[in-house]
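The values are calculated or read from the model by the stated rules, or taken from the named source; none is laboratory data. Just so it is clear, the model here is predicted, and its values are computed rather than measured. We place every Cβ from the backbone using ideal geometry, glycine too, and count neighbours over all the protein chains shown.
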Amino acid sequence: MTGAEAIDLARVLLGPVSLPVPAGVRPRQVEAPLGHLWHWQGTGEPLLSLLVGVRETRLGTPRGPERALGPALDELSDRVDEIVEVQRPVELAVDGALGSSAAVVTAVLGGREARIALVTSTDGTWMHRVEIAVLDTEAGRATLEQVLGAIQVHPWERPA
């Protein structure tokens, strides 16, 4: 597969969030007392990684995701070689969410230019964070748009 080819995506439900993820690939899953995390490590052609986190929140208001996005961007800056550009806010409606906020960061990772989208949303009880990193190529941008355009939030109760 070259960086110009699209990857196969399939919609999955992860707790209260559904979105397209790499088809046929199982995520690494972590369950913690206050939340859950699913992580896909990509091949770099064009997907680098996809992360979905869900945790209980005190920011369960329509403006809560905007407040949560700032610290997420700060944390991201510590994990990249260089930030080239930050687009914030990005117009993105997360279907079913009480509120959402998003940013797209162009950054250098390991000498390669990447696009990293951060999306925070809430249903009032849970805060959801989606982070997708792709190579800054035509296929990468297409994958990014496909995932971002299809994030949905659903009712969910914490597993027993």
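Summary of values
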read-out	value
Breaking point among (1) surrounded by 21 or more Cβ atoms within 10 Å (Cβ to Cβ); (2) touching a helix residue (DSSP H, G or I) at 6+ places or on another chain (Cβ under 6 Å); (3) in contact (Cβ under 8 Å) with a residue 40 or more places away in the chain, for residue 101	(3)
Members of the range 56-85 found to be assigned to a helix (DSSP H, G or I) and small (Gly, Ala, Ser), listed by number	64, 68, 70, 72, 77
Residue pairs meeting the criteria (Cβ under 7 Å; at least 6 apart or on separate chains; first within 17 Å of residue 12 (Cα to Cα), in the range 32-44; second charged (D, E, K, R) and in a strand (DSSP E or B))	39/28
Candidate set from the range 11-39 (those that are part of a strand (DSSP E or B) and charged (D, E, K, R)); member that is farthest from the chain's Cα centre (by Cα)	31
Filter result (under 13 Å from the mean Cα position of the chain (by Cα) and surrounded by fewer than 23 Cβ atoms within 10 Å (Cβ to Cβ)) within the range 114-126	117
Subset of the range 82-94 [in contact (Cβ under 8 Å) with a residue 12 or more places away in the chain and within 11 Å of residue 148 (Cα to Cα)]	90, 92, 94
Residue, surrounded by the most Cβ atoms within 10 Å (Cβ to Cβ), within the range 128-160, restricted to residues that are closer than 20 Å to residue 64 by Cβ and modelled with pLDDT of 95 or more	128
